[in-house]
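Only one structure is covered here, and it is reproduced in the block below.
The values are calculated or read from the model by the stated rules, or taken from the named source; none is laboratory data. Source: prediction; values computed, not measured. Virtual Cβ from ideal backbone geometry, glycine too; neighbours counted across all protein chains shown. For accessibility, only protein heavy atoms count, side chains too; no ligands or nucleic acids. Shrake-Rupley method; radii C 1.70, N 1.55, O 1.52, S 1.80 Å.
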Amino acid sequence: MEFSKIATDMNTKIENDEQMTVDIELDDGKIVTCAIIIVLTVNAKDYIVLLPLDKNGQNNDGNVWFYEFIYKGNDKEPELGYIYDDAEYEAVSEAFNLYLDDVEFDELIELPEEDSESL
């Protein structure tokens, strides 16, 4: 899976912080805090994957939200855009599933630290 420079930089920040969050205002005015999972690059565009959290900072259903990640430079806050096209949304969803498969595979083959030292 390839990532743009912007996605790579953002994902490095996500990996280095314990948990990055963003507040999303819904159409009804309700504000939902979301954990940032990853920024993916699909068809030369960046997308952010968010995990909505409840008031206790938890997510019990495992649903994630996809938004276009619009970066306008170091001196400006990134923007989030809705994904209106079904094919585009499906491509982002598929990319996220591939990412999850990669993460799961990496966890399966990773040796515990104590075993790797004895080799």
Would you confirm whether or not segment 96-113 contains a residue that is modelled with pLDDT of 95 or more and surrounded by 14 or more Cβ atoms within 10 Å (Cβ to Cβ)?
yes
Of Asn11, Asn56, which residue is out of contact with any Gly (no Cβ under 9 Å at 6 or more places or on another chain) and open to solvent by 80 Å² or more (accessible area, probe 1.4 Å)?
Asn56
Only residues that are among the acidic types (Asp, Glu) and outside any strand (DSSP E or B): list them for segment 19-71, please.
Asp27, Asp28, Asp54, Asp61
Please enumerate the residues belonging to segment 11-36 that are of a type in the set (Val, Ile, Thr) and either over 14 Å from the mean Cα position of the chain (by Cα) or within 14 Å of Gly57 (Cα to Cα) (or both).
Thr21, Val22, Ile24, Ile31, Val32, Thr33, Ile36
Of all the residues that make up segment 72-95, how many are open to solvent by less than 80 Å² (accessible area, probe 1.4 Å), part of a helix (DSSP H, G or I) and within 21 Å of Val22 (Cα to Cα)?
2
Which pairs have Cβ atoms under 6 Å, sit 6 or more apart or on different chains, and link a residue in segment 38-65 that is within 17 Å of Gln19 (Cβ to Cβ) to one that is acidic (Asp, Glu)?
Val39/Asp46
Taking segment 67-84 and keeping only residues that are touching a helix residue (DSSP H, G or I) at 6+ places or on another chain (Cβ under 9 Å) and charged (D, E, K, R), one is left with Glu68
Exception for Thr12 within (1) farther than 22 Å from Ala91 by Cα; (2) free of Cβ contacts under 8 Å to residues at least 40 places away in the same chain; (3) in a strand (DSSP E or B) falls at (3)
